[in-house]
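The values are calculated or read from the model by the stated rules, or taken from the named source; none is laboratory data. For clarity, every value in this text was computed on a predicted model and none was experimentally measured. Here the Cβ positions follow ideal geometry from the backbone for every residue, glycine too, while neighbour counts run over all protein chains shown.
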């Protein structure tokens, strides 16, 4: 238990910081229920949700998805009313959870709020919570600590309400056994595909069919607007290559921030814990203390056997098996009485009894890692890079507005903007409207290029942010309007498509006829593939629909036959030869399934609760008008 707290404390802090800080810092512009001049996009039982709050929440979701998907991220997926409505729905759910939690008289103690805030890295200085930094970060977001703390409290309240359902799902062992049996049952099958390829020569497509398809599906042959552009880029990365920092400046930064280059002292300790609850009776407390004193006497008589004593007697299951070893830790990682005692010991020395909320500890100091200051020669390159990045960022911020103004005010040339950026005017290949192709041709950049003003009046685009600290402006050099490809260009493609469709239909007709024969007891000549086993979860080479048929077939009398049309082959026949039940269900497997089923039922309960809460609430939404005004960020 004690070991778990030590090992997991940092993980808990990181998770809480990720969950709470972004929303709290950016999503509370309308937290005051009295409202303000901001445009309201929804009300939840009279509580307002503003357009700014919705926009901030959308941008947070974008940032999370960008981190998860990396190069596969496409901002266009967020630029839809459906996505914006989904984000708003999530804000409404949060409002309702907090309201319901307060109505149920749930509470979050001040200590828990303080613990969460203290664990947020953004408020740390030198690895520890710093009140001045905390206040400065909030002030930078125009937020008072009281407002932030109220939001954290509400977030924890809402989570309590959701967890009351999500973490209390139920699944009986009998249900789990049935699920295991169904999930692990195997059916042994053989496959005989009827390929459409053999029917291609029977399919015929005339010119009238080609023309009819062309006229009815002209959208397939639409060619979007295309353009070649010249463009100029202002990027902090490009500026970085032109920035230099002198040795003297680097040295001064090192001397002025010496504390930033140190690692604090860490100590490695082992302990024996005799656990007793803080609220235990005096008799229980006395008994635990008496046992701990006996062990202390034995440990001091023979310090070399401390690990052996810990293995046999310590009631901390996380460290007892390791001879009480807790590994290295610094100040702030352990409860204060334990920390104070550990940092007062010499290597090899054993403490007296140390009382904490966990019980009585006997501590042996195993080793010490002294604090260390990183030498200047080792820190120099990192400092230089940091200062170069800072100078480049400052230069970018200084130049960005001038760059944006230049492409707007000198709208018939990019030369002025290129001079400001210290960059060359570059040329693109053909760009297609709506076909984003990564940086710099993002969806937003293409939207700017194919704007009527840019196309018709040959103006510069605005300076568009295509990535963090990267602006691009462009102007069209060559342009092709949208058009439909001529029938003569696409008729062969149409012919092949129609031939395939007809061949697929002929293969399916043959397959269905053959299946009827098999199910009627006849034995047409077929080539069956090697036997393979499938389960409901593992389909092998078969698609999900066909596997569903396999498991719906009556296996009382075998073989059984099923079949289905497929786009890949034409038609696939399947012979079911045998059924294999899964292995005997042991307690460990049952426990895993029960846990998963409980999680699923808990999630369903939580979803049902929220649905009911929304049905009973008075929710007014002004979408889609407000949503149309929200811009996604690249």
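How many residues does the stretch 209-263 hold that are within 30 Å of residue 450 (Cα to Cα) and either touching a residue at least 60 places away in the same chain (Cβ under 8 Å) or part of a helix (DSSP H, G or I) (or both)?
25
Quick test of your reading of the structure: residue 142 fulfils all but one of (1) within 20 Å of residue 49 (Cβ to Cβ); (2) within 26 Å of the chain's Cα centre (by Cα). Name the failing condition by number.
(2)
For the stretch 452-484, which residues satisfy the criterion of being exposed (fewer than 15 other Cβ atoms within 10 Å of the Cβ) and part of a loop (DSSP other than H, G, I, E, B)?
458, 468, 481, 482
Every residue in the stretch 363-385 that is out of contact with any helix residue (DSSP H, G or I) (no Cβ under 8 Å at 6 or more places or on another chain) and not in a strand (DSSP E or B), please.
370, 371, 375, 377, 378, 381, 382, 385
Which one of 150, 164 is without any contact (Cβ under 8 Å) to a residue 12 or more places away in the chain, in the same structural domain as residue 106 (by TED's automatic domain parsing) and either in a helix (DSSP H, G or I) or under 15 Å from residue 116 (Cβ atoms) (or both)?
164
Residue under question is residue 439, and the condition is that it be surrounded by fewer than 18 Cβ atoms within 10 Å (Cβ to Cβ), free of Cβ contacts under 8 Å to residues at least 60 places away in the same chain and assigned to a helix (DSSP H, G or I); does it hold?
no
Has the stretch 107-125 got any residue that is on the phi < 0 side of the Ramachandran plot, under 28 Å from the mean Cα position of the chain (by Cα) and part of a strand (DSSP E or B)?
yes
Being in contact (Cβ under 8 Å) with a residue 60 or more places away in the chain, in a helix (DSSP H, G or I), in the same structural domain as residue 471 (by TED's automatic domain parsing) and over 30 Å from residue 265 (Cβ atoms) is true for just one of 397, 406, 393. Which residue is that?
The conditions single out 393.
Could you tell me whether any residue of the stretch 612-626 is in contact (Cβ under 8 Å) with a residue 24 or more places away in the chain, over 30 Å from residue 40 (Cα atoms) and under 29 Å from the mean Cα position of the chain (by Cα)?
Looking for residues that are in contact (Cβ under 8 Å) with a residue 24 or more places away in the chain, over 30 Å from residue 40 (Cα atoms) and under 29 Å from the mean Cα position of the chain (by Cα), one finds none in the stretch 612-626, hence no.
Looking at this structure, is residue 360 part of a strand (DSSP E or B) and either surrounded by fewer than 16 Cβ atoms within 10 Å (Cβ to Cβ) or assigned by TED's automatic domain parsing to the domain that holds residue 473 (or both)?
Criteria not met by residue 360.
Looking only at the stretch 558-601, how many residues end up being in contact with a helix residue (DSSP H, G or I) (Cβ under 6 Å, 6 or more places away or on another chain), farther than 22 Å from residue 187 by Cα and assigned by TED's automatic domain parsing to the domain that holds residue 533?
Residues meeting the conditions: 1.
Which ranges mark the strands (runs of 3 or more DSSP E) fully within the stretch 527-600 that have 2 or more residues being free of Cβ contacts under 8 Å to residues at least 60 places away in the same chain?
Output list reads 560-566.
Determine which member of the set 375, 370 is within 30 Å of residue 323 (Cβ to Cβ), at pLDDT below 95 and surrounded by fewer than 17 Cβ atoms within 10 Å (Cβ to Cβ).
Being within 30 Å of residue 323 (Cβ to Cβ), at pLDDT below 95 and surrounded by fewer than 17 Cβ atoms within 10 Å (Cβ to Cβ) holds for just one of 375, 370, which is 370.
In the stretch 43-101, how many are in a strand (DSSP E or B), buried (at least 20 other Cβ atoms within 10 Å of the Cβ) and in contact with a helix residue (DSSP H, G or I) (Cβ under 8 Å, 6 or more places away or on another chain)?
Residues that pass the stated criteria total 2.
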